[in-house]
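K.L.:
One structure is given below, represented as structure tokens, and several questions about it will come after.
The values are calculated or read from the model by the stated rules, or taken from the named source; none is laboratory data. Nothing here was measured: the structure is a model prediction, and the numbers come from that model. Here the Cβ is made from the backbone with ideal geometry for all residues, glycine too, and neighbour counts use every protein chain on show.
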Amino acid sequence: MHDVLPDEAGRWQAFERIVRELMPVYGYREIRTPTVEPTDLFCRSIGEVTDIVEKEMYTFEDRNGDRLTLRPEGTASCVRAGIEHGILHNQVQRLWYMGAMFRHERPQKGRYRQFHQFGVESFGIGTPDIDAELIIMTARLWRRLGLDGVRLELNTLGSNAARAAYRDVLVEYLNAHRDLLDEDSLRRLDTNPLRILDSKNPAMQSLIAAAPALTDCLDAESADDFANLKAYLDDAGIVYSINPRLVRGLDYYCKTVFEWVTDRLGAQGTVCAGGRYDGLVEQLGGRATPAAGFALGIERLLALCENDAAEAGQACPDIYLLLGETGSRPGLKLAERLRDDFPGMNILSNCGGGSFKSQLKKADKSGARLALILGEQELAADTVAIKYLREDREQHGIARRELNDFLSHYFQIR
């Protein structure tokens with residue numbers, strides 16, 4: 001678990017600002033859920049036989065003896081809230097969230113035990129056009145961020161009936177090669193054999209590559225939905241590749257699954273992932289509701305972003321106010337008046353004293369465009385000295401009553 005220091009926080013703010021601007025464009029509204037949920041929620045949604053539940057969740061008993069878990073992902077909490085507050089049945093909901101998640105994983109580049117996700121969930125739409133819109137939305141987000149070097153992988157898991165038929169075929173194949181399965185795969189063979197396809201064990205990759213393909217067991221509806229999804233993406237100019245081994249790490253997915261991946265983060269290649277999970281609402285106690293969504297890891301994404309996009313979030317002041325020995329009180333008063341008169345303008349007032357030379361060094365380091373100087377001479381004459389920090393122009397003074405007009409003209413504020 002790591003800190004986000006002030007020099008890095010601007011990158012986060014830039015990303016968060018882009019997200020908050022983009023979501024209403026597609027009709028999505030924010031939902032905020034608790035960081036702690038009953039453990040059973042994740043066992044029922046993610047699946048008992050998954051790495052997350054078996055190995056990675058932070059679970060504890062509270063003072064009442066209830067088992068609670070720090071949320072390892074956001075979809076289950078989103079569904080739980082929707083059922084609890086009655087906003088899902090016979091309704092269309094487009095929701096998004098952003099916040100901290102927790103998994104006890106081995107820390108490495110782009111992966112931490114406390115990490116942050118941005119997620120999007122849609123409920124009540126069972127057609128592949130919403131699947132396509134989710135993917136198209138992520139492509140627009142990459143453009144807003146100036147992000148290159150990510151590629152889209154796509155697959156379909158079919159309906160529950162298709163998956164059940166495929167499960168039998170896959171188990172028969174894997175049983176014929178039991179001697180090549182590792183310990184985890186042997187344990188999952190009877191409980192969740194599809195998860196074996198997601199194994200990262202290098203020794204098993206040739207066995208997995210030769211396994212029967214789920215697409216051979218697809219029902220007609222799932223095949224049609226997948227064909228329509230690809231047609232939507234083709235129309236939108238979205239480039240993708242089909243990955244028949246893409247099954248996702250959570251049990252609740254069906255039909256469409258997708259991942260945006262990169263080669264620039266080592267083993268942690270997945271930047272954004274999602275798909276359809278039509279059975280999850282009913283599985284958690286609600287009425288049958290079609291649903292689809294995605295989530296992305298903010299740490300991984302920011303590690304890929306270009307420096308210019310990151311620097312866009314740095315909050316440099318517009319004005320740095322230098323104050324003489326007796327100028328602190330009138331200086332703070334002036335700074336507050338300017339903040340009232342110019343909302344959105346960043347004004348940094350020097351606090352803690354110091355010589356004008358030291359204050360000027362701080363002003364220059366702050367990145368401000370202008371320094372306003374309120375020394376003894378300026379106080380006596382009711383003026384303010386203007387020093388240009390980013391331009392080769394002479395310092396000059398103006399009457400304090402003319403300051404607003406000067407700033408409006410300089411910063412082109414109307």
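K.L.:
Any residue at all in the stretch 128-146 that's in contact with a Cys (Cβ under 9 Å, 6 or more places away or on another chain) and over 30 Å from Ala81 (Cα atoms)?
P.N.:
Scanning the stretch 128-146, I find at least one residue that is in contact with a Cys (Cβ under 9 Å, 6 or more places away or on another chain) and over 30 Å from Ala81 (Cα atoms), so the answer is yes.
K.L.:
Turning to a different aspect of this structure: Could you tell me whether the stretch 289-304 includes any residue that is at pLDDT below 90, more than 23 Å from the chain's Cα centre (by Cα), farther than 20 Å from Arg17 by Cβ and assigned by TED's automatic domain parsing to the domain that holds Arg80?
P.N.:
No: zero hits.
K.L.:
Follow-up question, since we're still on this one. Scan the stretch 364-404 for residues that are in a loop (DSSP other than H, G, I, E, B) and under 19 Å from Arg329 (Cβ atoms) and report the count.
P.N.:
Going through the stretch 364-404 one residue at a time, the tally reaches 2.
Okay, residues lined up against (1) in contact (Cβ under 8 Å) with a residue 24 or more places away in the chain; (2) on the phi > 0 side of the Ramachandran plot; (3) not basic (Lys, Arg):
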position	(1), (2), (3)
Gly82	yes, no, yes
Gln91	yes, no, yes
Tyr97	yes, no, yes
Glu105	yes, no, yes
Ala132	yes, no, yes
Arg143	no, no, no
Gly158	yes, yes, yes
Ala165	yes, no, yes
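K.L.:
Looking at the stretch 168-214, which of the residues that are hydroxyl-bearing (Ser, Thr, Tyr) and crowded, with 17+ Cβ neighbours inside 10 Å is nearest to Gly158 (Cα to Cα)?
P.N.:
Ser199
K.L.:
Also: Looking at Leu233, Leu246, Leu197, Leu214 in this structure, which one is closer than 30 Å to Val92 by Cβ and not assigned by TED's automatic domain parsing to the domain that holds Val150?
P.N.:
Testing whether each residue is closer than 30 Å to Val92 by Cβ and not assigned by TED's automatic domain parsing to the domain that holds Val150 leaves just Leu214.
K.L.:
List the helices (runs of 4 or more DSSP H) inside the stretch 116-222, counting only whole elements, that have at least 3 residues being touching a helix residue (DSSP H, G or I) at 6+ places or on another chain (Cβ under 8 Å).
P.N.:
Per the criteria, 128-145, 160-175, 183-188.
K.L.:
State whether one or more residues within the stretch 118-130 are in contact with a strand residue (DSSP E or B) (Cβ under 8 Å, 6 or more places away or on another chain), over 28 Å from Ser222 (Cβ atoms) and assigned by TED's automatic domain parsing to the domain that holds Asp224.
P.N.:
Within the stretch 118-130, one or more residues are in contact with a strand residue (DSSP E or B) (Cβ under 8 Å, 6 or more places away or on another chain), over 28 Å from Ser222 (Cβ atoms) and assigned by TED's automatic domain parsing to the domain that holds Asp224.
K.L.:
Next question. Could you grab me the full set of residues in the stretch 88-132 that are farther than 19 Å from Gly285 by Cα, in contact with a Phe, Trp or Tyr (Cβ under 8 Å, 6 or more places away or on another chain) and among the β-branched types (Val, Ile, Thr)?
P.N.:
Once the filter is applied, which keeps residues that are farther than 19 Å from Gly285 by Cα, in contact with a Phe, Trp or Tyr (Cβ under 8 Å, 6 or more places away or on another chain) and among the β-branched types (Val, Ile, Thr), the stretch 88-132 yields only Val120.
K.L.:
Could you please find all residues in the stretch 133-161 being in contact with a strand residue (DSSP E or B) (Cβ under 9 Å, 6 or more places away or on another chain) and hydrophobic (A, V, I, L, M, F, W, C)?
P.N.:
Selection gives Leu134, Ile135, Met137, Ala139, Leu141, Trp142, Leu147, Val150, Leu152, Leu154, Leu157.
K.L.:
Given the criterion closer than 16 Å to Arg245 by Cβ, touching an Asp or Glu at 6+ places or on another chain (Cβ under 8 Å), aliphatic (A, V, I, L, M) and assigned by TED's automatic domain parsing to the domain that holds Arg20, identify the matching residue among Leu152, Leu95, Leu147.
P.N.:
Leu152
Okay, residues lined up against (1) among the hydrophobic types (A, V, I, L, M, F, W, C); (2) over 21 Å from the mean Cα position of the chain (by Cα); (3) surrounded by fewer than 19 Cβ atoms within 10 Å (Cβ to Cβ):
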position	(1), (2), (3)
Asp66	no, yes, yes
Arg71	no, no, no
Ser77	no, no, no
Phe102	yes, no, no
Glu105	no, no, yes
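K.L.:
While we're on this one: Restricting attention to the stretch 229-254, report how many residues are at pLDDT 90 or above and touching a strand residue (DSSP E or B) at 6+ places or on another chain (Cβ under 8 Å).
P.N.:
So the answer is 8.
K.L.:
How do the helices (runs of 4 or more DSSP H) wholly within the stretch 1-88 filter down when requiring 2 or more residues that are under 28 Å from Arg144 (Cβ atoms): which remain?
P.N.:
Filter on the stretch 1-88 gives 6-22, 75-84.
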